[in-house]
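Worksheet: the structure to be examined is printed underneath.
The values are calculated or read from the model by the stated rules, or taken from the named source; none is laboratory data. Predicted model, so just to flag it, every value in this text is computed and none were measured. Positions of Cβ are backbone-derived with ideal geometry, glycine not excepted, and every protein chain shown enters the neighbour counts. Ligands, DNA and RNA are excluded from the accessible area calculation, which covers all protein heavy atoms including side chains. Shrake-Rupley method; radii C 1.70, N 1.55, O 1.52, S 1.80 Å.
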Amino acid sequence: MERYYQPEIETASREQIKQWQSERLVKQVKHIWDNVPYYRNKMEEKGVTPDDIKGIEDLHKLPFVTKDDLREAYPYGLLAKPLEDCVRIQSTSGTTGKRVVAFYTQHDIDLWEDCCARAIVAAGGTNKDVCQVSYGYGLFTGGPGLNGGSHKVGCLTVPTSSGNTERQIMFIQDLQATILCCTPSYAAYIGETMKEMGITKDQLSLKAGIFGAEAWSEEMRRDIENTLGIKAYDIYGLTELSGPGVSFECSAQSGMHINEDHFIAEIIDPDTGEVLPEGSKGELVFTSITKEAFPLLRYRTKDICMLNYEPCPCGRTHVKMCKPMGRSDDMLIIRGVNVFPSQIETVLINQGYSANYQIIVDRVKNTDTLDVQVEMTPEMFTDNVGEINRRQKELVEGLRSMLGLSAKVTLVAPKSIVRSEGKAVRVIDKRKI
């Protein structure tokens, strides 16, 4: 029996959802126009005023916002509320250039925590559960978001943050944690460490995991589910929009329901910016319609994705987004071929390797090179050169049929690739350095 945190919202009719979206969009555009000169200038450049926006059918008239705008307006240029009304900031990990700083009123935090609470209940969480939050805390949104959602559901919340993996496992065992929240690569690492400690999944009380903040394949999901004895749920979010909980998976595990009472999703052609018809694959764009302090209109996420409006067996009526299929920016283009790390991961896991790998891209004599370093599992570890060569050849063939190009594969000893407690560093692109 499917449970909901806010049933009247999560199972509302499509007509009701559209009505909420239209009313909130009109109000939000006016709020932004009145309070954010940076936005007002962008709208004036496009010849749009709040009077032109009567409902969601007019959304396409508004200008896009990108990460470049956020950097240009840093730190206070997109703030839509006085500082005295703001109670917190969160920030991105800042892998490129200036960090993105997002502001929250108390109302914003309450709504964000509601979104995370919906995700926890969709994963089977109730006030009887023990929810271990092993996402990083601090500026990163993962820890604070799931922490707040867990409180709202009434779970006993264990705010371990990431790191100190043996202590994580001790708490999972001693406190009989039932839900684990962290990045998928850290969940895999917890599973790997447990095995080394001689702990089996039967010795755990875990039933569900809520994993997000990085791309992961269906193969990795099955691996984590088998190792930890759980059902693994995906969660999606962006610091720019609030954090985790923009969308989340239900028991169907067939896409993530977008919290459409707070966010309007569009799919656009990444090259032309044109809105694509329902069911198309393209770049995901979000408009936040309930945020007070840091509301973004038509924010380009760079995630390549599809939306699914078909009814879901779980009873939720909010549109589902598929797992991002890669990004329009960090997608690797190698010798003219589009390569996504998740494709490489699929080949590795299908051939029995773990998800511990690193992709090194370089350019030698004007030709791109692709070198995939893959950890052997302890079971397959050998110093037999012939055996290693045979395995490397198998992987080279698997990657060639998946990617349509040749890659060099280097098998390395177990545990020799640096482990991540946050987002895993999968790609080293030396062409840009």
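Laid out as a table, the results:
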read-out	value
Cα-based Lys pair tally, region 41-127, threshold under 20 Å, eight or more apart or on separate chains	8
Sorted peptide list for 385-395, 270-280, 289-299, criterion being average Cβ within 10 angstrom, highest first	289-299, 385-395, 270-280
Amide H contacts under 5 Å for D429, placed H, 5+ residues apart	V361
Cα-projected label distance for I360 with E394, points at 7 Å along beta-carbon direction, nm	2.4 nm
All aspartates and glutamates inside 12 Å of K408 as judged from Cα atoms, apart from same-chain residues fewer than 8 positions distant	D362, D368, D371, E394, E397
Computed accessible area, K201, all protein chains, 1.4 angstrom probe, square angstrom	90 Å²
Spatial separation of Cα centroids for region 121-176 and region 255-295, in angstrom	29 Å
Extension gain, K30 back to T367 (0.36 nm per residue minus Cα-Cα distance, nm)	116.2 nm
Average Cα contact separation per residue, the chain, under 8 Å, 6 or more apart, as relative contact order %	14 percent
GNM flexibility winner over the chain from A177, A232, A119 (Cα, springs under 10 Å)	A177
Within straight-line cross-link reach of K152, lysines at Cα separation under 23 Å, skipping those fewer than 8 residues along the same chain	K128, K207, K231, K291
Tensor-based shape of region 262-313 (alpha-carbon gyration tensor, a/c under 1.5 rounded, otherwise prolate or oblate)	oblate
Interchain or long-range residues, amide H under 5 Å from L238's placed H	G243, V246
Surface accessible to a 1.4 Å probe, per residue, for the residues of the chain, Å²	43 Å²
Mean separation of Cα contacts under 8 Å, 6 or more apart, over the residue count of region 180-230: relative contact order %	54 percent
Neighbour net charge for L204 - beta-carbon separation under 13 angstrom, K R +1, D E -1	0
Net +/- balance of residues flanking V130 in space, Cβ distance below 15 Å, scoring K and R +1, D and E -1	0
Two-site FRET efficiency, Q16 against V337, from Cβ-Cβ distance with R₀ of 41 Å, rounded to 0.05	0.35
Rounded percent of accessible protein surface that carbon and sulfur make up, the chain, 1.4 Å probe	50 percent
Calculated [θ] (222 nm, deg cm²/dmol) that DSSP helices of n ≥ 4 give over the chain, each run adding -39,500 (n - 2.57)	-9500 deg cm²/dmol
Theoretical FRET efficiency, 1/(1+(r/R0)^6), r = Cβ-Cβ of H60 and R167, R0 60 Å, to 0.05	0.75
Sites matching trypsin sites (Lys or Arg not before Pro) across region 49-96 that sit in DSSP coil, with at most 12 neighbouring C-beta atoms within 10 Å	K54
Charge context of Y5, other residues only, Cβ under 9 angstrom, K/R +1, D/E -1	+1
E274-S401 FRET efficiency (beta carbon distance; Förster radius 30 Å; 0.05 resolution)	0.35
